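A quick write-up on the structure given underneath.
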Ligand SMILES: Cc1cc2nc3c(=O)[nH]c(=O)nc-3n(C[C@H](O)[C@H](O)[C@H](O)COP(=O)(O)OP(=O)(O)OC[C@H]3O[C@@H](n4cnc5c(N)ncnc54)[C@H](O)[C@@H]3O)c2cc1C
């Protein structure tokens, strides 16, 4: 596995431009730098300015589309642990999650299915939940407990990964947009910006919601869904919650600084609204009302409501792999917090050694071409 400051090979001379300095671009930049690549990261804004700066940050495999997606997400959890073992702890809290989005037979089916996949899951009773989280009101009869899950402070993790990459020679160019990817005779030659062209042998497109326009200009189809998300954040309160709650009214977590956070749409990562048309403050007040139901003893005030677009490819699944001219590699996905570490590791292996990963196979961009 890749370690900061250790076993770094001499620069290969291959120059890679990573477009996008979110959690995906910074994870890839780090893994490329560890592998000895000469890396430039280009972002039209700054590190962590996109979806990664407005994310709920839940790392989980309990939500998944199918078995292959579960395997990738489960490997995603393992990859974060491996990364932390290799470079030191990141701002990730492994406090598990309690889920009562469903009740009765539906909850039992979800629990059984996850158990059969080899996932850590147990059913807890109201009394057990009460003992575990004494500040919690409005308790369900039963909940599923997923002890393997965690939450990241996504902005801080992204910054640390960027710093790792920089410490191994990666250079960051921020406030500069990639206007086009350049190629000649079927090979990548660089990236065009309003400030001039930057030459490269490889371009990794990790620009989140900004990726489709750049890919499509290269003749690479990258259909994307419009999936806005609003994140409601309270002012800090005393510590009451060291785990994720997946309630029937949405997910709740508390950040290390005491602020409580809830994405405002009820259906978590499968949310299908393609526009938010109500005033954000009204949506946030409704979210705050739902948080108050679970924490009736807290005096909660809203600090911020943040609107951001989730980078969700057309079929809802990650798009990771080579496409178009030689040297172009795409990495565009939702649940990027869950998947950043594993995608970076597998993608860099594919870039350097060829596409051999069973885990990434279903997510190659070829499915849209
Ligand atoms: C409200 C919300 C809640 C979420 N909750 C979770 C969760 O609980 N768990 C989970 O796993 N995932 C969650 N996600 C999804 C997750 O945050 C994203 O999948 C992840 O942040 C994507 O990272 P990224 O680096 O691909 O994209 P981004 O963070 O969006 O970064 C892309 C970067 O590319 C730059 N860029 C774009 N176009 C260009 C260009 N032309 N030139 C140069 N730079 C460009 C942007 O400035 C940006 O910095 C959530 C997302 C949202 C919005």
For the stretch 350-364, give me each residue that is assigned to a loop (DSSP other than H, G, I, E, B) and touching a residue at least 24 places away in the same chain (Cβ under 8 Å).
355, 359, 360, 364
Being under 19 Å from the mean Cα position of the chain (by Cα), modelled with pLDDT under 95 and outside any loop (DSSP other than H, G, I, E, B) narrows 286, 308 down to just 308
Residues of the stretch 182-204 being touching a strand residue (DSSP E or B) at 6+ places or on another chain (Cβ under 8 Å) and within 15 Å of the ligand (Cβ to nearest atom), which ones?
182, 190, 191, 192, 193, 197, 198, 200, 203, 204
Pull up the stretch 205-222, narrow it to residues that are within 11 Å of the ligand (Cβ to nearest atom) and either in a strand (DSSP E or B) or without any contact (Cβ under 8 Å) to a residue 12 or more places away in the chain (or both), then point me to the one that is nearest to the chain's Cα centre (by Cα).
205
Hey, among 84, 102, which residue is away from the ligand (no atom under 12 Å from the Cβ), in contact with a strand residue (DSSP E or B) (Cβ under 8 Å, 6 or more places away or on another chain) and either modelled with pLDDT under 95 or in a helix (DSSP H, G or I) (or both)?
84
Note: among 135, 53, 111, 115, just one is in a helix (DSSP H, G or I) and under 28 Å from residue 305 (Cβ atoms), namely 53
I want to confirm something. Restricting to the stretch 31-46 and keeping residues that are closer than 24 Å to residue 192 by Cβ and surrounded by fewer than 24 Cβ atoms within 10 Å (Cβ to Cβ), which single residue is farthest from the ligand (Cβ to nearest atom)?
38
Filtering the stretch 36-59 down to residues that are touching a helix residue (DSSP H, G or I) at 6+ places or on another chain (Cβ under 6 Å) and over 16 Å from residue 206 (Cα atoms) yields 55, 57, 59
Please find, among 240, 246, the residue that is at pLDDT 90 or above, part of a strand (DSSP E or B), more than 10 Å from the ligand (Cβ to nearest atom) and more than 30 Å from residue 181 (Cβ to Cβ).
246
Filtering the stretch 56-79 down to residues that are within 12 Å of the ligand (Cβ to nearest atom) and not in a helix (DSSP H, G or I) yields 56, 57, 58, 59, 60, 61, 62, 63, 64
Please indicate, with yes or no, whether at least one residue in the stretch 126-140 is over 23 Å from residue 290 (Cα atoms) and crowded, with 18+ Cβ neighbours inside 10 Å.
no
Quick one: is residue 97 in contact with a strand residue (DSSP E or B) (Cβ under 7 Å, 6 or more places away or on another chain), in contact (Cβ under 8 Å) with a residue 40 or more places away in the chain and within 14 Å of the ligand (Cβ to nearest atom)?
yes
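The values are calculated or read from the model by the stated rules, or taken from the named source; none is laboratory data. Bear in mind that the values here come from a model prediction, so they are computed numbers and not experimental data. Heads up, the Cβs are rebuilt from the backbone with ideal geometry, glycines too, and the neighbour counts pull from every protein chain shown.
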